[in-house]
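What follows is a single structure, written as structure tokens, with notes after it.
The values are calculated or read from the model by the stated rules, or taken from the named source; none is laboratory data. All values reported here derive from a predicted model rather than from experimental measurement. All Cβ positions, glycine included, derive from the backbone under ideal geometry; neighbour counts span all protein chains shown. These accessible areas exclude ligands, DNA and RNA; they are computed on the full protein's heavy atoms, side chains included. Shrake-Rupley method; radii C 1.70, N 1.55, O 1.52, S 1.80 Å.
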Amino acid sequence: MRAKPVLLLVLAATLAAGACGSDTQPSTSDRPAVTEKADLGAPLPDAVQQKGALAIGVKCDYPPFGYIDEAGGNAGFEIDIAHRLAGYAFGDESKVELTCVTGSNRVPFLTTNRIDLIMATMNYTPERAQTIDFTSPYFAGGVKMLVPQGSSIGGWDDLGGKSVITIKGSTASLWLTQCKPDVEQVPFEQTSEALTALTQSRADAFAQDDTLLVDLAAKNKATKVVGEVKADSPWGMGVRKGDTAMAGWVNAALKKMQDEDLFWTAFQESVTDKKVQQEFAKVLPRPGNDLSYPSGPIITC
């Protein structure tokens with residue numbers, strides 16, 4: 001069984017923005033590991049095959065999706081998926097190099113060839129799709145706010161004269177910039193920094209993906225999640241623009257996981273609260289439940 005997440009306040013002292021080495025250990029999931037290459041009907045790109053490992057950019061401060069556990073290793077829902085991809089590619093789930101990325105550097109890491117693939121809680125937006133290509137979606141989420149329990153903020157219309165913590169490059173920051181331009185944003189690179197700033201009353205709220213905020217509120221009883229969901233859209237993995245070979249292989253792997261209901265299995269292992277599981281059950285690709293990207297703009301006021 002994987003270890004529980006380290007307290008986010010501790011992560012601030014242990015994570016450097018943009019990189020934290022790599023993890024070549026197999027997944028700690030209870031499911032059987034993949035020990036043979038998978039015939040997906042789409043070939044693994046030659047460059048990845050020759051390198052002998054997948055290089056994936058992941059979040060390292062975003063429990064339960066990607067974080068550093070008490071043993072110092074990468075853990076979480078997306079990390080389990082990353083190891084599964086390595087198993088499909090090489091018949092060995094340890095053949096993956098995990099690099100910590102942030103909202104602001106994940107795309108540059110991809111476009112400069114430091115990683116082969118982004119899997120880092122990234123919402124699809126038409127603007128991002130101009131720079132990178134997205135794979136099929138594997139989750140979906142939207143933006144809400146985390147506030148202290150005694151806060152008078154109950155929704156987005158209560159932000160007049162308030163300051164809001166955001167993560168640089170996040171969908172929450174993009175939505176506030178476009179839809180609430182008069183709200184003062186207090187930007188940070190890391191979730192740990194943002195949570196510390198909120199607990200120290202350096203801003204009135206923290207706007208971020210609802211999936212993360214639900215987990216933070218469960219672990220920090222002095223906080224609560226408020227606000228109507230905004231900028232909701234599926235999450236996708238990012239590949240370099242025009243890299244049809246990589247996109248084709250990843251999409252074939254994601255289809256296999258969906259058909260075998262492995263996203264749901266991995267989510268249940270990472271999120272053990274039954275109420276939260278059911279809350280997000282419909283935003284996972286499952287047999288008979290396809291996710292798709294919207295045809296119109298994501299960030300609407």
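Among the listed pairs Lys59/Lys144; Lys168/Lys282; Lys180/Lys221; Lys59/Lys221, a Cα-Cα separation exceeding 21 Å is found for Lys168/Lys282; Lys180/Lys221; Lys59/Lys221. The length gained by stretching the chain between Thr272 and Thr35 to full extension, at 0.36 nm per residue less their Cα-Cα distance, is 82.7 nm.
For the pair Asp259 and Ala222, the difference between a 0.36 nm per residue extended length and the Cα-Cα distance amounts to 9.3 nm.
By the combined test of axial Cα extent (at least 15 Å) and Kyte-Doolittle hydropathy (mean at least -0.5), the qualifying DSSP H helices of the chain come to 77-90, 244-259. Bridges between two residues of the range 111-228, per DSSP, are antiparallel at a rate of about 55%. Between Gln200 and Ser104, the distance separating the two model label sites (each 7 Å from Cα on the Cα→Cβ line) works out to 1.7 nm.
Legend: calculated FRET efficiency, Lys51 to Lys168, from the Cβ-Cβ distance at R0 = 22 Å, rounded to 0.05, equals 0.15. Solvent-accessible area per residue in the chain equals 42 Å², computed with a 1.4 angstrom probe and all protein chains kept. Taking 0.36 nm per residue of sequence separation and removing the Cα-Cα distance, the Ala281/Glu127 pair yields an extension gain of 52.7 nm.
Accessible surface for Arg114 stands near 140 Å², nearest 10, in the context of the full protein assembly shown (1.4 Å probe).
Each peptide in 68-81, 45-58 gets a packing score, the mean of other Cβ atoms within 10 Å over its residues, and the list from highest to lowest is 68-81, 45-58.
Between the C-alpha center of the range 47-75 and that of the range 187-214 there is a gap of 23 Å. Accessible surface of the range 36-166, 1.4 Å probe: 42 percent of it comes from carbon and sulfur atoms.
The simple spin-label model puts a point 7 Å past each Cα toward its Cβ; for Thr111 and Cys301 those points are separated by 2.7 nm.
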